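Visitor: Below you will find the structure I want to go over with you.
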Amino acid sequence: MKSSHAASEELAESLLVIIRRKTGESYQYEQLCKKLGTDSSGIDAAISILASWGYKIRAKKSEGIRLISLPDALTDIGISSKLKTKFIGHIIHAYNSIKSTNDRASQMAEAGAAEGTIVVAEKQTKGRGRLGRTWHSPSGTGIYLSIVLRPKFRPEQAPGLSIMTALALAETVNIYCPGKTFIKWPNDVQIGKRKLAGILTELSADKRGINFVIVGVGINVNHGVGHFPDELKDSATSLRRVLRRKVNRVELLQSFLRQFEKEYLAYQKDGLKKAHSRIKRYSSLLGREVIIRSGRKQTNGKAVDIDSSGRLILETESGRIAIMAGEVTVVKN
Ligand code: BTN
């Protein structure tokens, strides 16, 4: 037999499904009692549970029940509700605290997790960045996400997924910050000159081809200045710092997942054909003098183009060269 608390939680979830359909619209008590097979005290108990989950609900016997706002918690039920993707995010593993969502997603992929499975966390204790760096991941402020992909294409095409992801992210962020969103090749998303988000793509392949790819995304959403370590205070930003208001992370994450799916389907079909001109439009490097470091190698030149494979084209003293990956420093703006 179910405990009365479990039964109330189940009722709260069913109530949520109904009132989430139209945020801001009123539902009468009698109407809901009938639909859910309970009485008004059952509805009130369900509302208290939803309030404890962070949903803001106005409930008055005379006016009915209205959902005012959603919680800003990265839960599977919150993320999946109205997500409407074809396969990305259909399986969600949401954690309060985890070492690294990329590590967890990788273990799950090894164990057979389906394409589109996502791992999200409120906090990472060992968040990883590119080039062995740490990705600072304080609790309840950012989005720390990993997506399991099982593309059919050859391993050589996997690196292009990073810039494709940067584009999906830039398109999403640009809705919040029109005209201020940039991609710093190969795969950082910036607002103005400061870094907002980073991408860590990891590939598992053998001689038969790709086993899986993990696309890891870290976005600074509601970080205040105090959330950044001193060394990042001047180079990083968050949506909250730019917009001077908090942003609902669930809505942002859902928009990103929808955009990501669109870009990924197009990428599987035609590579970067549909993305190429938009990647160039968002690029913060074109026309700039840059230094690209890759291992011990350093190349200086002017960034003049991004080709249809996502490579950065540099005009150097010895002619034009195409670069696939590296760490960029802008020398002249
Ligand atoms: C970068 O260095 O810019 C890439 C940062 C990638 C961070 C994300 S956060 C979610 C996922 N899990 C990790 O451990 N790293 C990636």
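Only the coordinates and a few stated rules stand behind these numbers; no lab work does. These numbers were taken from a predicted model, which means no experiment stands behind them. Note: ideal-geometry Cβ built from the backbone for every residue, glycine included; neighbour counts use all protein chains shown.
Visitor: In debye, nearest 20: dipole of the chain around its Cα centre with unit charges on the Cβ of K, R (+) and D, E (-)?
Guide: My answer is approximately 780 debye.
Visitor: For n ≥ 4 DSSP H runs only, could you compute -39500 (n - 2.57) per run for the chain, divide by its residues and tell me the 222 nm figure to the nearest 500? Can you show the working numbers first?
Guide: Details: 9 runs with 103 residues, N = 333.
It lands at -9500 deg cm²/dmol.
Visitor: The chain: longest stretch without exposed GluC sites (Glu not before Pro) (DSSP loop, at most 12 other Cβ within 10 Å), sites themselves excluded?
Guide: Answer - 64-316.
Visitor: I've got another one for you. Using the Karplus curve 6.51 cos²θ - 1.76 cosθ + 1.60 with θ = phi - 60°, work out ³J(HN,Hα) for each residue of the stretch 70-76 in order, rounded to whole Hz, and write x for Gly and Pro.
Guide: Computed from phi, the couplings for the stretch 70-76 are 8, x, 9, 10, 8, 9, 5 Hz.
Visitor: If you take the Cα atoms of the stretch 147-200, find Rg, then find the Kirkwood Rh from the mean of 1/r over all pairs, what is Rg/Rh? Show your work: numbers first, answer last.
Guide: Working: Rg = 12.3 Å, Rh = 11.8 Å.
Checking Rg against Rh, the ratio lands at 1.04.
Visitor: Where q = 0.15, 0.16, 0.21, 0.27 Å⁻¹, what log10 of I(q)/I(0) comes from the Debye formula for the stretch 39-92, counting one point per Cα?
Guide: One equal scatterer on each Cα of the stretch 39-92 leads to -0.54, -0.59, -0.83, -1.05.
Visitor: Filter the chain for me: DSSP H helices, axial length by Cα at least 27 angstrom, mean Kyte-Doolittle hydropathy not below 0.5. List them by residue number.
Guide: Numbers: long enough: 249-270 (31 Å, -0.81).
Helices meeting the criterion: none.
Visitor: Follow-up question, since we're still on this one. Can you tell me which of 43-52, 100-109 comes out highest on packing, and rank the rest after it, using the mean Cβ neighbours within 10 Å?
Guide: Ranking the peptides 43-52, 100-109 by packing returns 100-109, 43-52.
Visitor: When the distances between all Cα atoms of the stretch 51-153 are binned every 5 Å from zero, what whole-number percent does each bin get?
Guide: 3, 12, 18, 18, 17, 12, 8, 5, 3, 2, 1, 0
Visitor: When only DSSP loop residues count, what trypsin sites (Lys or Arg not before Pro) in the stretch 266-333 have their Cβ near at most 10 other Cβ atoms within 10 Å?
Guide: Details: sites: K269, K273, K274, R278, K280, R281, R288, R293, R296, K297, K302, R311, R320, K332; in loops: K273, K274, R288, R296, R311.
Loop-located and lightly packed - R296.
Visitor: From the backbone phi of the stretch 299-308, what are the Karplus-calculated ³J(HN,Hα) couplings (6.51 cos²θ - 1.76 cosθ + 1.60, θ = phi - 60°) in whole Hz, Gly and Pro given as x?
Guide: 10, 9, x, 9, 6, 10, 6, 10, 7, 6
Visitor: Pull out the extension gain between V17 and S81, defined as 0.36 nm times the separation in residues minus the alpha carbon to alpha carbon distance; nm, one decimal.
Guide: Working: separation 64, 0.36 × 64 = 23.04 nm, distance 0.81 nm.
The span from V17 to S81 would gain 22.2 nm if fully extended.
Visitor: Further, regarding this structure: Can you give the Kirkwood hydrodynamic radius of the chain from its Cα pairs, in Å with one decimal?
Guide: On the way: mean 1/r = 0.0463 Å⁻¹.
The answer is 21.6 Å.
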